[in-house]
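Some notes on the structure that comes next.
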């Protein structure tokens, strides 16, 4: 357990009756992605494959370290992943982007964090019905926010330490269809 990594995984698959592929988020800690296959299978009935994953090492000026244990009572600083939904003219679909960021205290603005994303900013110029949003419909100032997931609350048995650092460690992003053997047994 010396080399624990924080994985944010985009799972894809079909639930009974689905006509289109659905997606869900899996948050886990391991040394290697493959070692979490059983957990991913159990986490969501529609699981059939991994579409993408991130290994988070550094976010918003904080290095990320993972260790076994129980999280402290304090919520801040808080590592979150926002699910931004947005549209593009001429495309019959809703696009989604997962964006990790750190809320440093209760006054830290989700609005400001989202505005730094070019897809989100571009989407704010669209009509009300088509502008960028987060799907749970949390109204923040003048736009909607889909999902904002508190990462620590989804990692029982592990503590995320956010250590201020100017030396930016590289995050790893892997895209593409992987682990096609995640079907429910």
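The values are calculated or read from the model by the stated rules, or taken from the named source; none is laboratory data. Just so it is clear, the model here is predicted, and its values are computed rather than measured. Quick reminder, even Gly has a Cβ in these numbers, built from the backbone with ideal geometry, and neighbours come from all protein chains shown.
Of note:
- All positions within segment 85-94 that are touching a helix residue (DSSP H, G or I) at 6+ places or on another chain (Cβ under 8 Å) and modelled with pLDDT of 80 or more: none
- Unmet criterion (only one of (1) modelled with pLDDT of 95 or more; (2) in contact with a strand residue (DSSP E or B) (Cβ under 6 Å, 6 or more places away or on another chain)) for residue 30: (2)
- Enumerated strands (runs of 3 or more DSSP E) restricted to segment 50-103, each holding at least 3 residues that are without any contact (Cβ under 8 Å) to a residue 12 or more places away in the chain: none
- Only one of the listed residues (72, 129, 106, 125) is at pLDDT below 85, farther than 21 Å from residue 25 by Cβ, in contact with a strand residue (DSSP E or B) (Cβ under 8 Å, 6 or more places away or on another chain) and exposed (fewer than 11 other Cβ atoms within 10 Å of the Cβ). That residue is 72.
- One residue from 120, 143, 101 being at pLDDT below 70 and either touching a helix residue (DSSP H, G or I) at 6+ places or on another chain (Cβ under 6 Å) or in the same structural domain as residue 13 (by TED's automatic domain parsing) (or both): 120
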